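What follows is a single structure, written as structure tokens, with notes after it.
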Amino acid sequence: MVNGRLEGKVAIVTGAGAGIGEAVAHKFAKEGASVVVNGLPDDPIEDVVKSIKHYGGKAIAYAGDVSQEFHAQNCVQTAINAYGKLDILINNAGVFLATAETQDYPVDVFDDTLRLNLRSAFLMAKYALPHLQKTRGNIVSAGSEAGYNGLAYNTTYGGTKGWMHSFMLGVAVEQAKYGVRANCVCPGAIDTAWTHKEEGPMNAKMEKTLIDATPLARRGTPEEIANVYAFIASDEASYVTGALWLADGGVTTAKGAAGADTPIWMRFAPKGELRLDHSQEGLENKETQTLI
Ligand SMILES: NC(=O)c1ccc[n+]([C@@H]2O[C@H](COP(=O)([O-])OP(=O)(O)OC[C@H]3O[C@@H](n4cnc5c(N)ncnc54)[C@H](O)[C@@H]3O)[C@@H](O)[C@H]2O)c1
């Protein structure tokens, strides 16, 4: 069912081959947007495009690391060439590559994390803004509860999310005079590769702590986060700018292991409507390290 909340809009979703980005791409297409599905060359973006089209949506792929200026520029140009305008930029691309205490955190992983999480968002905003100013469009970027609270054992990652929050707040104030809005969606633990010890660098203790600390006592689904993106990116949120929109199961507000009090029978995630095939594949083809 197409709901039409984003009817006629053109959106770029970075990092949309897996995880939350895949869900955002599907959700936006379902709401009527034409979507540029970006990802790294090895990511299953063509498959996401195919699936969106299968369900009647409009999408094209752009493969390329948008932390490189050439690809950021080309990704934006792809939207313009294909659809003639740009209304929405979703800065979702990001990585979670290592867990370690800070004194043990590898310098090359620090550099990669800043490049892939921050440089990508800056470059995409830089090249998208002239087009967003024409459409009075908006940017929604991937913040995190970790941007508020920090993240022990991946302090680098938490730091990138704090930067993302401040980056969007500055853009919101600066670009309001052009009619452009800028916000962050700030998820808690979401059911992607990152929060599973089998698929990413978290160990069993870290994985358990994530859930115990969350009052809703479960991971959020990619679709639950995509629903928040869809609202904030839509005209229904026309008065929302400079917002850091928590969607974290309550973890930021909780003090201590609040999730332990939530009964097991209440912990089930909604089934959702989107057909997502790559939710937990985001760390495939990437080298991750568990040093704790
Ligand atoms: N999963 C969580 O628990 C969680 C919580 C809070 C915030 N977030 C944020 O949400 C976003 C998505 O997280 P996820 O868990 O879905 O990750 P994921 O690994 O499942 O998907 C991210 C995708 O982005 C791609 N990507 C990374 N850098 C890229 C680049 N420079 N250019 C193009 N593509 C790139 C990856 O290859 C991957 O396919 C991230 O920014 C993350 O910080 C996630």
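The values are calculated or read from the model by the stated rules, or taken from the named source; none is laboratory data. Because the structure is a prediction, the values reported are computed rather than measured. Note that we place each Cβ from the backbone using ideal geometry, even for glycine, and neighbour counts take in every protein chain shown.
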Look through V66, V109, V76 and report the one residue that is over 18 Å from the mean Cα position of the chain (by Cα) and either at positive phi or buried (at least 21 other Cβ atoms within 10 Å of the Cβ) (or both). V109
Residue ID - surrounded by the most Cβ atoms within 10 Å (Cβ to Cβ), chosen from residues in the stretch 244-255 that are farther than 16 Å from A189 by Cβ and touching a residue at least 40 places away in the same chain (Cβ under 8 Å): L244
Is the stretch 178-185 home to any residue that is assigned to a helix (DSSP H, G or I) and under 27 Å from Q133 (Cα atoms)? yes
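Residue-by-condition table, conditions (1) touching a helix residue (DSSP H, G or I) at 6+ places or on another chain (Cβ under 6 Å); (2) within 13 Å of the ligand (Cβ to nearest atom):
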residue	(1), (2)
A61	yes, yes
A98	yes, no
T113	yes, yes
K126	no, no
P130	no, no
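Each row is one residue, and each column tells you yes or no for (1) away from the ligand (no atom under 13 Å from the Cβ); (2) closer than 22 Å to N117 by Cα; (3) at pLDDT below 95; (4) surrounded by fewer than 20 Cβ atoms within 10 Å (Cβ to Cβ).
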site: K208; (1), (2), (3), (4): yes, no, yes, yes
site: T214; (1), (2), (3), (4): no, no, no, no
site: G220; (1), (2), (3), (4): no, yes, no, no
site: I225; (1), (2), (3), (4): no, yes, no, no
site: A237; (1), (2), (3), (4): yes, no, no, yes
site: G242; (1), (2), (3), (4): yes, yes, no, yes
site: T262; (1), (2), (3), (4): yes, no, yes, yes
site: E284; (1), (2), (3), (4): no, yes, yes, yes
site: E287; (1), (2), (3), (4): no, yes, yes, yes
In the stretch 145-175, which residues are in contact (Cβ under 8 Å) with a residue 60 or more places away in the chain and not aliphatic (A, V, I, L, M)? E145, G147, Y148, N149, Y153, Y157, T160, H165
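Being touching a residue at least 24 places away in the same chain (Cβ under 8 Å), in contact with a Gly (Cβ under 6 Å, 6 or more places away or on another chain) and within 25 Å of S279 (Cβ to Cβ) is the requirement here; does N117 meet it? Spell out the reasoning first.
Numbers: touching a residue at least 24 places away in the same chain (Cβ under 8 Å): yes; in contact with a Gly (Cβ under 6 Å, 6 or more places away or on another chain): yes; within 25 Å of S279 (Cβ to Cβ): yes.
Taking the combined requirement at face value, the residue satisfies it.
How many of the residues making up the stretch 84-94 are farther than 15 Å from N117 by Cβ and either within 8 Å of the ligand (Cβ to nearest atom) or surrounded by 19 or more Cβ atoms within 10 Å (Cβ to Cβ) (or both)?
4
Here is a yes/no grid of residues against (1) touching a helix residue (DSSP H, G or I) at 6+ places or on another chain (Cβ under 7 Å); (2) more than 27 Å from K197 (Cα to Cα):
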position: N138; (1), (2): yes, yes
position: S141; (1), (2): yes, no
position: G147; (1), (2): yes, no
position: Y153; (1), (2): yes, no
position: G162; (1), (2): yes, no
position: G170; (1), (2): no, yes
position: R181; (1), (2): yes, yes
Take the residues in the stretch 26-54 that are within 11 Å of the ligand (Cβ to nearest atom) and surrounded by 24 or more Cβ atoms within 10 Å (Cβ to Cβ); name whichever of them is farthest from S67 (Cα to Cα). V48
Suppose we filter the stretch 129-155 for residues that are surrounded by 23 or more Cβ atoms within 10 Å (Cβ to Cβ), assigned to a helix (DSSP H, G or I) and more than 17 Å from the chain's Cα centre (by Cα); how many remain? 1
Of (1) within 10 Å of the ligand (Cβ to nearest atom); (2) more than 15 Å from the chain's Cα centre (by Cα); (3) assigned to a helix (DSSP H, G or I), G21 fails just (2)
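Please tell me if R181 is buried (at least 18 other Cβ atoms within 10 Å of the Cβ), farther than 27 Å from A100 by Cα and more than 16 Å from the ligand (Cβ to nearest atom).
yes
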Looking at (1) surrounded by fewer than 24 Cβ atoms within 10 Å (Cβ to Cβ); (2) not in a strand (DSSP E or B), which one does I60 not meet, given that it meets all the others? (2)
